[in-house]
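A.B. asks: Before I ask anything, here is the structure I am working with.
The values are calculated or read from the model by the stated rules, or taken from the named source; none is laboratory data. The model shown is predicted, which means the values in this text are computed figures rather than measured ones. All Cβ positions, even for glycine, are placed from backbone atoms using ideal geometry, and neighbour counts span all protein chains on display. Please note that ligands, DNA and RNA were not included when accessible areas were found on the heavy atoms of the full protein model with its side chains. Shrake-Rupley method; radii C 1.70, N 1.55, O 1.52, S 1.80 Å.
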Amino acid sequence: IPKGIIGGFVVDFACDVKAFSNSLVPERAITSIRMANIDLKCVTTAPWVNNAENGICAENIVDTRPNPDDSCNPEVTADPTNETALNCHEQYHETYHDNIDTILELLDGMSVPSRKRSQIRGEHNQDNQGEIITTEEVPFRLTRSDVERYFIACESDTKSTVVRIVESAAWRGLTFPIDQRSCRVELQSAQFFQQGFDKQSNPIFYFRNKLQAPWRNDIHATALAVLHRLETYVLKAECRRPNVKITLIAFVGWPSCPIANGHGQTKMKTGKKRDVGEDTQPTKTPNLRPPSLGSDPRIDPYEVYHTHSNSVLIHLLNDLIPRHYPGRLAHALVVPDKANMKTRLRTLFPSQFQSHVTVLNSGDELKKYVSKDQLVTYAGGYAKVTSDAFQCDDSYNHNGA
């Protein structure tokens, strides 16, 4: 190779599975690569290759991932109105530098199954989404900040951290990408969506317990919709803010917001009934603008509200999210239906989230944490619910191998 002789050869590489018995020979090649007319001037060494050991170093693989923009000033407060919070570098202090190095060294060489879309045979389209199961190195999609979050969640136990990281990597590999056809109704209902930032520049996720029209009682579809929205946002945000945390605003009770029509005032008091001004004509169609008020534009704005969750769904999310998204919750603000539900609502959250949960007396207290410009209309703010909350984006669903 140093003399350039290889450039004049045709080089064939074949990958096969080693046989351990005579009945399995000769082995059949899984795939092959042919290289011809090699220009050695264009040959480079991969940044993660360790020349001394001629192997792959887990720590170097992590370093090849996109890093935050170092040109940003971490002391500048992010402006949430234009989502500058995602463009500003979050200062990262490696308090557990040696521990992270040890964990990455232990994870080196570990692989987990990963579900991919097969784009080679054109099976990734909407009507025929073929899948293949491959293996992927655990450290490949792991950052040092991820390891730190798991290490803190495991109370600085190295062994427990390694086990938990491998379990989460395997869970992600088999769970994502989510087939959005199975939860399209839930994704388009705006039950769980991200919009705006709180006063600490943390992105806000809204979860609503009451929605118009009956719930189809598909617990797994609702859970998949929540996980899809959360995972998609974290993947996009962590490239610029590795330690991004979210603020969850959960509405448990009936929505209550004033709505104006062309003749009088219509008020949805509890979602079950409406008080119409005496000048209102029944034949007139009121200008309700359902999307701006957090209602599905495909549903009659006077449709009765129903509960779209149950205890099984809550327990399922409480098991998955803390385990696979440690350290991602900055604050959980819960707006109860009744004052006497405050103690009961707090018990719905897992123990590791208790210190981050605040059960409010009413929706008016949300203004202490979120400015009106960032708060959506049905929560008492000025921001209209964007159309993204009612759409099903298939771009993430079509990622291939």
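A.B. asks: With respect to Asp279, is the statement that it is modelled with pLDDT under 80, assigned to a strand (DSSP E or B), open to solvent by 30 Å² or more (accessible area, probe 1.4 Å) and over 17 Å from Phe251 (Cα atoms) true?
C.D. replies: For Asp279, the condition - modelled with pLDDT under 80, assigned to a strand (DSSP E or B), open to solvent by 30 Å² or more (accessible area, probe 1.4 Å) and over 17 Å from Phe251 (Cα atoms) - is not met.
A.B. asks: Condition test on Phe193, is it open to solvent by less than 20 Å² (accessible area, probe 1.4 Å) and either of a type in the set (Asp, Glu) or under 20 Å from Pro242 (Cβ atoms) (or both)?
C.D. replies: no
A.B. asks: Same structure, new question: For the stretch 136-145, state whether one or more residues are of a type outside the set (Gly, Ala, Ser), within 30 Å of Thr31 (Cβ to Cβ) and part of a strand (DSSP E or B).
C.D. replies: Yes, the conditions are met somewhere in the stretch 136-145.
A.B. asks: Phe176: open to solvent by less than 20 Å² (accessible area, probe 1.4 Å), of a type in the set (Phe, Trp, Tyr), in contact with an Asp or Glu (Cβ under 7 Å, 6 or more places away or on another chain) and modelled with pLDDT of 90 or more, yes or no?
C.D. replies: Here the answer is yes, as Phe176 does meet what is asked.
A.B. asks: Has the stretch 254-275 got any residue that is open to solvent by less than 50 Å² (accessible area, probe 1.4 Å), assigned to a loop (DSSP other than H, G, I, E, B) and either aromatic (Phe, Trp, Tyr) or modelled with pLDDT of 85 or more (or both)?
C.D. replies: No, the stretch 254-275 has no match at all.
A.B. asks: Could you list, in sequence order, all residues of the stretch 196-206 that are under 30 Å from Arg115 (Cβ atoms) and buried (at least 22 other Cβ atoms within 10 Å of the Cβ)?
C.D. replies: Pro203, Tyr206, listed by residue number.
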